[in-house]
1. Roughly how many nanometres apart are two label points built 7 Å out from the Cα toward the Cβ at Gln9 and Arg117?
2. Rank Leu107, Leu72, Leu155 by mean-square fluctuation in a GNM of the chain with C-alpha springs under 10 angstrom and give only the top-ranked residue.
3. Sorting check: for 139-149, 158-168, which peptide has the highest mean count of neighbouring beta carbons within 10 Å, and how do the rest follow?
4. Any chance you could give the angle, 0 to 90 degrees and rounded to 10, that helix 112-125 forms with the longest Cα principal axis of the chain?
5. Can you compute the helix-only [θ] at 222 nm over the chain? Use -39500 (n - 2.57) per DSSP H run of at least 4 residues, normalise by all residues, nearest 500 deg cm²/dmol.
6. What's the long-distance tail for segment 121-193, i.e. % of Cα pairs beyond 15 Å?
7. Order these peptides, 8-17, 83-92, 97-106, by their mean beta-carbon neighbour count within 10 angstrom, highest first.
8. Over the chain, what per residue volume does the convex hull of the Cα atoms give, in whole Å³?
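Quick note: the coordinates plus some simple rules give every number you see, no bench work behind them. None of these values were measured; they are calculated from a predicted model. Don't worry about glycine lacking a Cβ; one is built from the backbone with ideal geometry, like all the others, and counts go over all protein chains shown.
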Amino acid sequence: MRFDQAYYQRFYFDPRTAVTSRSEMQARARLIGAFTAHIGLPVRRILDAGCGTGLLRAPLLRALPKAVYVGLETSEYLCARYGWLRGQLQDYRSDTPFDLVVCYDVLQYLEAPQAARALANFARLCRGVLYFSALTRRDWQCNCDRSRTDSQVHLRTGEWYRKRLHRHFRELGAGFWLRRGAPLTVWDMETAG
C-alpha cells in the first residue's frame, strides 16, 4: 500500500522527517483566507482535494468560519482514521460546486493522464478560487529538502500544469487561480500575466 500508515508516519507524523509542519500549514491557511477576503469571495464550501492528514482543515475553518469543509482523500488508511470522503481527484463529482478548491502537493503522485483529468475536473468542481501547488522538476532540483520529500513522484514542469489550468482558470500568482467567468474583480497588476 503506497499511502499506508508507514508512509504518513515518515512524511507527516514524525517531526524529524516530516515534509511540512503544522505552523507552515496554518500560515498557508491564513494566506488563503486573506486572499479570498481580499478579492471578495464569500467562501461557503471548501474542497480540500487530497487532504492527507487534514493539516489545513482547522486553520482554514478558523480563517473562513462560515465555510463547510470537505476533505477528499484516496488513502484508505486516512479515510478510516479521519473520516474523509474517499475518492479520486480525476473522477470526483459534486452536485454543488465549491467556492474554494485546495489541491496542495498531490498531483505529482498521479500519472500524466490522471493528473490532466484531475486538472480538468477542478473546472467542474470550482466556481471561485483554486489554490494549487505540485512538486515540479525545478522544485526537486532547486527548492525542496530531498531528505524530507517523497521521490516516488512524477516530476513535470510548472508549464505542464499551467498549460492545462489556463484553459479554465486565470493565474493570479502565489498558487491562486481564478475560475474564468467567476464574478470577481482582480486588478491587472495582481495577476501573474
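1. 3.3 nm
2. For the chain, modelled as a Gaussian network with Cα springs under 10 Å, the answer is Leu155.
3. My ranking of the peptides, most packed first, is 158-168, 139-149.
4. Compared with the principal axis, the helix lies near 40 degrees.
5. After summing the helix terms and dividing by the residues of the chain, the value is -8500 deg cm²/dmol.
6. Numbers: 1526 of 2628 pairs.
Looking at segment 121-193, the distances longer than 15 Å represent 58 percent of pairs.
7. Working: 8-17: 13.0, 83-92: 16.5, 97-106: 22.7.
Packing order, densest peptide first, comes out as 97-106, 83-92, 8-17.
8. In the chain, the Cα convex hull volume per residue is 119 Å³.
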